[in-house]
Structures are given as structure tokens and as C-alpha cells.
DNA sequence: TCGATATGACTCGCGAGTAAGTTACCACGG
DNA sequence: CCGTGGTAACTTACTCGCGAGTCATATCGA
């Protein structure tokens, strides 16, 4: 007979408990941001006590790092998979967006965690975030470079600025989608194709 | 004979001191973000004590609200002035960007404060921020609506998504500029014209 | 009985906000 | 000219709550 709150084991294996905590933490971090959530919040939400989290993850940063690792692995994996598909220019951008929409379907917290503006910058979590962002930046620079070269612009600062802009376009499209849960990945992909078409004044269906 | 640290007045009028505090606070908030800066940080930076800030501004939010008020007034004023110039479409976007670059020259903290992701959402500061963002959104929706209508797209969600994207493009161009202090407003305006030309595949000089 | 799973009840530092006092200046009556 | 009191400007030294992290202890299956 186990009463509602009582010390002692509940018979949940460490691996299972860790995964459960990670799922809960991902949701809470996504909703409130790293800075605004307390470890006690996550413990309460998971129905366990704070020390158990410290036993398994060491610190608040440690827990966040694990969430971030899951999130950035998923995203980077998907984006590199898209890159290997061999599409170029605008088509590549669209393919990448579609891949991310599909990968994120039902896991919207992944995006929020990977883009949390209150995430810690030092520690291991900061490193994970840094290499994730660097990788995205590389990919973006590639695509933007092609576009600018095509337009005869080879200014290095132009490339840098345009890469930033494109990264933000990508981010804002995904974020917009995350904030509209009723929209399916397919609908969102179609929307992106329409918008690209309107902006670039050309068909991108080839 | 006044020693370095001593209680008592220093003969600085309230209005002057308030302005000095606002200047210092703007810089610190811009650099560290609202959440990460303590009132003690600002007091130390300004060479005064914490209670004086509470005397003059009531609370940390109150101080931030005053900074935000200065920042958003400057930005909204400038953007509406640009709007009254009567340019349309892409030209209007460029004119607005140029106006903001000129208005922000030497006051980069204004932009960082107005876009602080850790700014409080409730209280008066949240209201100021809210109405600032709403106004920007209106302006953006106007311009984007023209563009999409031109392309034969009248989907409401497309307009909403595209407005978000455009707002982020605008924001990222200004932010990029704020992070490159060596670039003059004129140079940045020229860069924007080049990039717009490359992306939209047309001259925007008319 | 041992080790893994678990928790209640702490410590400790940090930062927002405050109470109470100190100094300089100025307007006024003598 | 000289107190003298009022007020604006300013500070030191607190309180207080919250959240990260810890310690000692409890339960349970093998």
C-alpha cells in the first residue's frame, strides 16, 4: 500500500525515469524558457521530487543540456539529411523546411528549446547550442552564397548580413508554424512554396 | 570637503539625475537584457546607490518602462515619419529601414531594449512593449498585403505568416547593423538596396 | 543486507525592495 | 550677518522571498 507522498522507491528504472523527466522538462522549458523555469516546476510536473532530478542530471544546466542534445540532434540530423538530397538554391531551402516540418510534427517543444533566448551560454549546454547554431549558419551561408553569386554580388559583408536574414526567415517560418498547431506539415510546406513564389516572382516547383 | 563615499546630497537636480540613470540603464539593459541585470548593477555603473533608483523610478520594471518609452517613441516616431513620406511597396520598406538606421545612429541601445526577449510581459512596461509591437505589426501587414495581392495570393494565413517573416527580416537587418558598429547608416542603406535587388531580382532605385 | 530508487527538510546566496538616518542648500526671522 | 528649520538629494544597512543545490533518511526488490 503506497500512499500519495511517501519516501522510498516506486520501482521505476533509471532509464525510464530519465526519459520521462526529459519529456516533461522539454515541455516546461519550451513553454516558460530556461531562465523562468525552476527545477521544482519540472519535478512537480513530473510527479517526483527535486533531488531525484539532481541525482540523475546533476544540475539545472545539465538537465537542459540533455534536452538541447535531443533537440539539436533531431534538427541537425534532419537538416543534413535534406542537404544530402541534392536539391539546390530555392528548392533546397524548401526541401529543408519541409523536412523540418515533418520532423517537428508533434514535437513542437524541440524548436522552442533549441531557440530559447534565455538559454545559458556557458557550460556544456552553451557548447551544444553553439555547435548547433554554427552548423545551421554554415548551411545557410552555402545557400545564400549561391543566390548572391547569381545576382553578381560578392561582397563579404553582404553575404554575412544576408545569411543572418535568411536564418531568421527560416526560423520565423518554423516558429510561425509551431504557433499554429492546426496546420499540418504538408499545408505548411505548400504555404512556403506559395510565399517563395510570390516573393521571388518565379515558380519553384521544378 | 567631500570624501569619495559619503551620505548626503551631491547637488544634482532630480531631472538631471533621472536622465543620467536612464542613459546608464539603457546601456546596461541593452547589454545584458532585462532579466539578467540587477538594479545594483545599474546603480554601480551610474556611481549612485540603489535606493535612489527606487526613489525616482519605483521599481526595476518602472525603470525599464521609462527606457522602453524612450526607445519605442523614437522608433515609432521615425517609422511613422517614414510612412508619411508616401513611398510604396519595396521602396517604402527601404525608406523605413534608412530612417531607422539614421535615427539609431549612436543610440544602438535603443534597438536592443525594444527587442529584449527577457522584457517583462505584465505591468506597464509590458503594455508599452505591446503597443509598440502592435504598431509595427500594422505597418508590416500593410506592406506585405500589397506584395501578396500583387502576386495574386489572398490567403489570410499566408498574409499572417508573411507578415511575421517580414517583421523578422526587418528586425534582423537592423540587429545586424547594430552588431557592426563600423558600418554607417548610408553604407547600410546601400547594402539593403543591393540585397533587396538581388533577392527580388529587380531594381528598386525608382 | 545491499544497492537502487526515492524524498522531506534543510542551507545558502542573490536580488528586489525598505527603513532610517545623513548632508547640503535655501528661505526666513531676528 | 547669523542662526534655524524645512526640504531635496543621497546612503548604509538592513528584511524577505525565491530558487539552486545538498544531506540524511526511508522503502523495496533481489
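We did not get these values from a lab; they are worked out from the coordinates using the rules stated. These numbers come from a predicted model, not from an experiment. Note that each Cβ is placed from the backbone with ideal geometry, even for glycine, and that neighbours are counted across all protein chains shown.
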Most fluctuating residue given options A:26, A:106, A:182, as computed from a GNM of chain A linking Cα atoms under 10 Å: A:182
Relative exposure of A:122, B:73, A:72, judged by other C-beta atoms within 10 Å (fewest first): A:122, B:73, A:72
0 to 90° range, to nearest 10: angle between helix A:89-104 axis and chain A longest Cα axis: 20 degrees
Rg over Rh, two decimals, the protein assembly as shown (C-alpha only, Kirkwood Rh): 1.01
C-alpha long axis of helix B:60-83 to longest principal axis of chain B, angle in °: 30 degrees
Order of A:159, A:75 - criterion: other Cβ atoms within 10 Å of each residue's Cβ, fewest first: A:159, A:75
Choice from B:156, B:103, B:83 with maximal GNM fluctuation in chain B (Cα, 10 Å cutoff): B:156
Helix B:185-200 vs. chain B, principal-axis angle (Cα, 0 to 90°, nearest 10): 30 degrees
Inter-chain Cβ neighbour average for residues B:163-171, partner chain, 10 Å: 5
Shortest-first nm distances, residue B:123 label point to equivalent points in other copies (7 Å, Cα→Cβ): 2.5
Directionally averaged projected area (convex hull, Cα atoms, segment B:95-206), nm²: 8.1 nm²
Calculated SAXS-style log₁₀ I(q)/I(0) at q = 0.13, 0.15, 0.21 Å⁻¹ - segment B:1-101, Debye, Cα scatterers: -0.59, -0.70, -1.01
Residue A:127 paired with residue B:69, simple spin-label distance in nm, labels 7 Å along Cα-to-beta-carbon: 4.7 nm
Over segment B:43-109, volume per residue of the alpha carbon convex hull, in Å³: 88 Å³
Chain A: relative contact order as a whole-number percent, Cα under 8 Å and 6+ apart: 22 percent
Most mobile listed residue (A:109, A:176, A:166) in chain A, GNM with C-alpha springs under 10 Å: A:176
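Just to verify a number: FRET efficiency for residue B:15 and residue B:80, C-beta to C-beta distance, R0 = 30 Å, to 0.05?
Efficiency computed from Cβ-Cβ geometry: 0.60.
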B:148, B:129 arranged by Cβ crowding within 10 Å, fewest neighbours leading: B:148, B:129
P(r), alpha carbons of chain B - 5 Å bins starting at zero, rounded %: 1, 7, 14, 16, 16, 14, 11, 8, 5, 4, 2, 1, 1, 0, 0, 0
